[in-house]
1. Which of these, Pro228, Pro400, Pro304, has the largest mean-square fluctuation under a Gaussian network model of the chain (Cα springs below 10 Å)?
2. So if a site counts as exposed when it's one of the GluC sites (Glu not before Pro), its DSSP state isn't H, G, I, E or B, and it has at most 11 other Cβ atoms within 10 Å, what's the longest stretch of the chain without one?
3. Over the chain, calculate the relative contact order: mean separation of alpha carbon pairs under 8 Å at least 6 apart, over the residue count, as a percent.
4. Relative to the longest principal axis of the C-alpha atoms of the chain, give the angle of the C-alpha long axis of helix 322-349, reported between 0 and 90° and rounded to the nearest 10°.
5. Could you please report the charge total around Phe299, scoring K, R as +1 and D, E as -1 over all other residues with beta-carbon less than 15 angstrom from its beta-carbon?
6. What residue among Cys91, Cys79, Cys342 has the largest mean-square fluctuation in a Gaussian network model of the chain, using Cα springs under 10 Å?
7. Rank Leu260, Leu309, Leu100 by mean-square fluctuation in a GNM of the chain with C-alpha springs under 10 angstrom and give only the top-ranked residue.
8. Report which label in (1) 64, 55, 39; (2) 89, 48, 38; (3) 96, 42, 41 holds the value of Cα extents along the principal axes in Å derived from the coordinates of this structure.
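Please treat every number below as a calculation from the coordinates, not as lab data. A quick note: this is a predicted structure, and the numbers were derived from the prediction, not measured. FYI the Cβ positions are ideal-geometry reconstructions off the backbone, even for glycines, and counts take in every protein chain you see.
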Amino acid sequence: MKGKLTKQFWAVMVVFSLTGQIAWVVENMYFNVFIYKMFRADADAISLMVALSAVTAALTTIFIGAYSDKVGKRKIFICLGYILWGVSIICFSLIRADVLSGIFPHAVSVASAGVSAVIVMDCVMTFFGSSANDACFNAWLTDSADAGTRGKVEGVNSMMPLMAILVVFGGFMGFDLDKPGSWTAIFLIIGILVIAIGILGFFFMEDSHVDTGENKNFLANMTYGFRPDTVKAHPDLYKTLLAFIIFGISIQIFMPYLILYYTVTLGLSNYVLIMAPAILLAAAATVFYGRLYDAAGFFRSVVPTILMLILGYLMLAFFTNTVLVFMGSLFMMTGYLTGMACFGAAIRDRTPENRTGMIQGVRIVSQVLVPGIIGPAIGAFVLRNADQIINDDGTKSFVPNANIYYAALIAAAVLLGLLVLFAYLKKKEVSNASGSHDESGTDRIQ
């Protein structure tokens, strides 16, 4: 498939990427809202849920990614994984107060039982989702494209998270998220959609070719991306992964609380109408940004994305006016999405040939595990003294504040400094190598 990306490839890529991202959006942005509204979860519970999900995603991707390299197949893991992923999403429709009170009649608190059930089921869902999407679909994309098309592919692929947000935001407009019945319907709809796409994939997805000649040792496959000799052999890849960790931390500081910030803190009941244009513009920018990566390279394309992210943080932290919140959201979303495109393309370009499944483990550690543990923990820490509101049933809920954007901005500033340092060291290394070559050449001539 390399060198000639067919219409069928693009169609399958877009459908599977968008569907997977819709499922991840529901998990990453709405499970927080679900346990906040249905079971009065606090910031620590939300942070714990995100962290445990990140650990599950990382371990699953390491295991399944390496195993898919061993067997030399991606399609079966992707399609079957999507089907089981959808089934696990449907199971969330059973996590309701009336069901829990029947199952656990002696529970001290239905609310705490609900939070615990969501956290456990989130890990189950993440296992299937990471097997299908994080481990094998991402490896399939890397297998299918080459250095000349990866920026274009990653530009479209990285557009999907915000397109998914747009789809979910728009779809959720018709539901009252304070009612349990709305959540039941949401989980059923999303679950059935993911199952259907998994079934269709068996008929339309072409499996990528994976050379398994050197990939028979499963234990070696699992540990490949974490071995010192691998790091030493591919320093640019691991520098990119380190920077990606800080990028992810910055995003995860505020992202679990984003919708709550819009709705609870700013009181924007029409936040979907504000976010939709920002998402569309950011998604459109990302398609073209993939081409910029192909033309300009990683450093020159990624630095502007970090600057846009920082500008978005500043506007969201300082302003509550609807127009300025829209502008801040636009810069934040554009910086986030184009940054993901740059990092994703750079990681794929620097992935060793025939080792794509093995590298998915270390990639998920940098993209999900470390940011998913550290980012929400920082967010919960800066919100520890947040104001609280009294709910209709007498319970209390925290109110996210602008501290999440200040903390995210600090992480982004650290990232910017690190990228500049890496570029300087790379330039110095090339200069020294060139100087040594010239000097040795002169000695030979003399």
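1. Maximum among the listed residues: Pro228.
2. Between the exposed loop sites, the longest stretch runs 1-213.
3. The normalised contact order for the chain reaches 27 percent.
4. 40
5. Value of the local net charge: +2.
6. Maximum among the listed residues: Cys91.
7. Highest fluctuation of the listed residues: Leu100.
8. Evaluating Cα extents along the principal axes in Å on these atoms matches (2).
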